[in-house]
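Inspection log for the structure reproduced underneath, given as structure tokens.
The values are calculated or read from the model by the stated rules, or taken from the named source; none is laboratory data. From a predicted model like this one, the values you see are computed outputs, not experimental measurements. In this analysis, Cβ positions are derived from the backbone assuming ideal geometry, glycine residues included, and neighbour counts consider all displayed protein chains. Only protein heavy atoms, including side chains, enter the accessible area calculation; ligands, DNA and RNA are left aside. Shrake-Rupley method; radii C 1.70, N 1.55, O 1.52, S 1.80 Å.
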Amino acid sequence: MNQQTSPMLREQQTARAADDQRVETDEEFRARIREWFVDNAPDPRPRDPSERKAWVRAFHARMYDARMTGPAWPVEYGGMGLSFAQQVVYQEESARARVPSPLGTGLGIVAPTIIKYGTPEQRERWLGPMLRQDLVWCQGYSEPGAGSDLPALRTTARRDGDKYVVNGQKVWTTHASDADVFFTLVRTGTQESRQRGITYLIIDADSAGVTVRPLRDITGAAHFAEVFFDDVEVPVSNRIGEENEGWPLVRTSLGHERAAGAMNQATNYRRILDELIELARERGLGVDPIIRDRIADFEIRVRLMKYNASRVINDIIVRGEPGPASSVSRLFITMFEQELHEFAVEMLGADGIVTRDSDLAVQRGRWLTGFLATRASTIGAGTSEIQRNTIAEQVLGLPRDPAMPAR
């Protein structure tokens with residue numbers, strides 16, 4: 001009997017093994033992701049800022065615990081380890097579900113740097129809590145005299161045994177008021193050493209000597225801050241990479257910063273443009289030939305944005321780095337979002353300048369707020385001039401600007 005049934009059993013076992021190893025198709029993956037976001041939709045967005053922060057952290061913790069966040073992160077660090085095609089699907093579905101953006105700026109900037117240059121202990125210590133939003137990270141790069149020219153930074157770190165003593169100031173630090181941790185560039189070499197004397201340090205925001213002063217912008221919000229370091233003690237174990245060799249890490253961070261949001265922004269702006277088109281229809285403006293022409297132009301560009309973002313993600317998968325093409329994405333997106341919001345305000349006419357505090361504001365003044373907020377788009381994360389330099393030199397192969405640091 002056993003001899004007669006064993007071939008059948010073997011056939012069943014083989015079939016089960018094949019099922020276990022079958023690769024999920026992109027459409028099956030999309031259906032699974034969409035179902036999870038429907039079943040676990042975030043609660044309505046709170047108006048109170050402190051409640052909103054807790055709401056964001058709680059939702060991302062739920063995603064992390066369900067292994068539904070970190071699409072490009074390796075599985076061993078809590079991510080999903082998705083293929084290129086699945087990352088695109090994930091970004092489309094998360095934008096469709098209106099998943100709240102994580103707090104801080106760490107996930108797309110310092111995380112790839114820690115994965116590439118950090119020690120196993122550093123990866124274990126920082127990556128999981130960062131992805132789960134147990135710790136909110138923000139970038140401490142720009143200074144009053146060193147914005148686009150980062151090698152001119154003056155914040156110093158003096159080695160004293162097993163710690164550094166940090167003194168200096170950072171400015172335009174996004175989400176600094178929410179941060180638990182700063183990933184910071186400091187000078188451990190001489191001022192003349194420029195990029196050859198920079199070190200990459202991780203500084204706890206609650207360390208003695210750290211002061212954060214919010215800066216209010218033209219939207220009325222305080223998304224930025226000044227950060228002061230006065231004799232702040234930082235363990236040497238918080239250094240990523242070697243002393244005075246932080247510049248290659250900076251390039252990794254900046255490249256991923258420009259690439260990280262590319263697909264997310266492409267999918268978000270797909271939705272935003274659709275909402276603007278619907279608003280034009282509701283107000284009877286969809287038949288205006290000038291408005292139709294402008295919308296057609298934005299339609300073309302939002303599709304190009306997606307294709308270019310796909311190229312950047314593919315570069316990361318193939319080479320491990322986004323490469324200079326990330327500057328193309330950054331420049332394209334910043335110009336797009338500025339022009340889109342300018343158009344929205346113009347299309348609304350007088351209604352477009354009613355602030356969000358008024359009951360008469362169209363869609364709670366979102367288009368005016370976006371118009372004001374995107375004035376900074378061509379400055380933050382490297383000015384448009386810096387992006388054009390990178391594209392000219394590293395993509396088009398034009399002569400290098402002698403004033404810029406070597407690669």
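Of note:
- Taken together, Glu282, Glu342, Glu337 contain a single residue that is charged (D, E, K, R), surrounded by fewer than 19 Cβ atoms within 10 Å (Cβ to Cβ) and within 27 Å of the chain's Cα centre (by Cα), which is Glu342.
- Complete set of residues in the stretch 57-72 that are open to solvent by 40 Å² or more (accessible area, probe 1.4 Å) and touching a helix residue (DSSP H, G or I) at 6+ places or on another chain (Cβ under 9 Å): Arg57, Tyr64, Asp65, Ala66, Arg67, Ala72
- Residue in the stretch 377-390 that is nearest to Asp357 (Cα to Cα), counting only those that are at pLDDT 80 or above and open to solvent by 30 Å² or more (accessible area, probe 1.4 Å): Glu385
- Restricting the stretch 363-376 to residues that are surrounded by fewer than 18 Cβ atoms within 10 Å (Cβ to Cβ) and without any contact (Cβ under 8 Å) to a residue 40 or more places away in the chain leaves a set whose member that is farthest from Glu339 (Cα to Cα) is Arg364.
- Filtered residues of the stretch 193-233 (kept if within 18 Å of Ser142 (Cβ to Cβ), outside any strand (DSSP E or B) and open to solvent by less than 60 Å² (accessible area, probe 1.4 Å)): Gln195, Gly197, Ala205, Asp217, Ala222
- Residues of the stretch 164-178 include at least one that is out of contact with any Asp or Glu (no Cβ under 7 Å at 6 or more places or on another chain), among the aromatic types (Phe, Trp, Tyr), at pLDDT below 90 and under 26 Å from Ile379 (Cα atoms).
- Test: Thr188 is over 22 Å from the mean Cα position of the chain (by Cα), modelled with pLDDT of 95 or more, within 24 Å of Gln122 (Cβ to Cβ) and of a type outside the set (Lys, Arg): yes
- Residue within the stretch 355-363 that is hydrophobic (A, V, I, L, M, F, W, C), farther than 17 Å from Glu282 by Cβ and in a helix (DSSP H, G or I) present: no
- Extreme residue, nearest to Ala222 (Cα to Cα), among residues of the stretch 31-48 that are of a type outside the set (Asp, Glu) and open to solvent by 70 Å² or more (accessible area, probe 1.4 Å): Arg47
- Residue list for the stretch 73-90, restricted to those being open to solvent by 20 Å² or more (accessible area, probe 1.4 Å) and at pLDDT 85 or above: Trp73, Pro74, Val75, Glu76, Tyr77, Met80, Gly81, Leu82, Gln86
- The listed residues are Arg154, Arg158, Arg239, Arg216, and the only one of them that is closer than 21 Å to Ala376 by Cα and more than 20 Å from the chain's Cα centre (by Cα) turns out to be Arg216.
- Considering residues of the stretch 49-73 that are touching a residue at least 60 places away in the same chain (Cβ under 8 Å) and outside any helix (DSSP H, G or I) only, the residue farthest from Leu103 (Cα to Cα): Ala72
- Residue match in the stretch 97-111 (condition: at pLDDT below 95, open to solvent by 10 Å² or more (accessible area, probe 1.4 Å) and not in a loop (DSSP other than H, G, I, E, B)): no
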